[in-house]
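To keep things clear, I will list the structure first and then write my remarks on it.
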Amino acid sequence: MRLSWIIAATVYAASLPFAYAQAQQESSATRPPRGSNEVLRSPISGIPGVEVIVSDVVIPPNAQVARHYHPGEEFLYLIEGTATHVEEGKPDLPLKVGDTYVIPPRAIHAPKGGPEGARAIVFRVHTAGQPERIEAPGPQ
């Protein structure tokens, strides 16, 4: 009886690294790469020249996105981690899971990922034909 418990415990302990590796592999398979990952771009019916862009945005831990702006309005919903919204002319705004934020058109911003990084679903109302994102040189 004691031998069977020892064997069972040994098999269990030996399997833990494999189970952990499998969980990590499955997690990375469903998590998009860092940056803005477009999942939908579509014209808006009844509004000529306007489209919607939906992106799954991943910011690595403690990383800051380069200063930029968007020609259209941006709606953000944080689904993982924490971040700080850094927008020119406004105080920094800490964000946590479940928070939402609206970024006005052409507002220069440079979000920062928290210690565990951040992931957000971003919805943009955008003028068709314009670049999705425009870099804004200047101080970070």
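Throughout, read-outs are computed from the coordinates displayed, never taken from laboratory work. Bear in mind the structure is a predicted one, so any value in this text is a computation, not a measurement. Cβ atoms come from the backbone with ideal geometry, glycine included; neighbour counts cover every protein chain shown.
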- Task: Being over 16 Å from Gly129 (Cβ atoms), among the hydrophobic types (A, V, I, L, M, F, W, C) and surrounded by fewer than 14 Cβ atoms within 10 Å (Cβ to Cβ) is the filter; apply it to segment 38-62 and report the residue that is farthest from the chain's Cα centre (by Cα).
- Result: Leu40
- Query: So which of Val122, Val97, Val65 ends up being under 15 Å from the mean Cα position of the chain (by Cα) and free of Cβ contacts under 8 Å to residues at least 40 places away in the same chain?
  - Reply: Val97
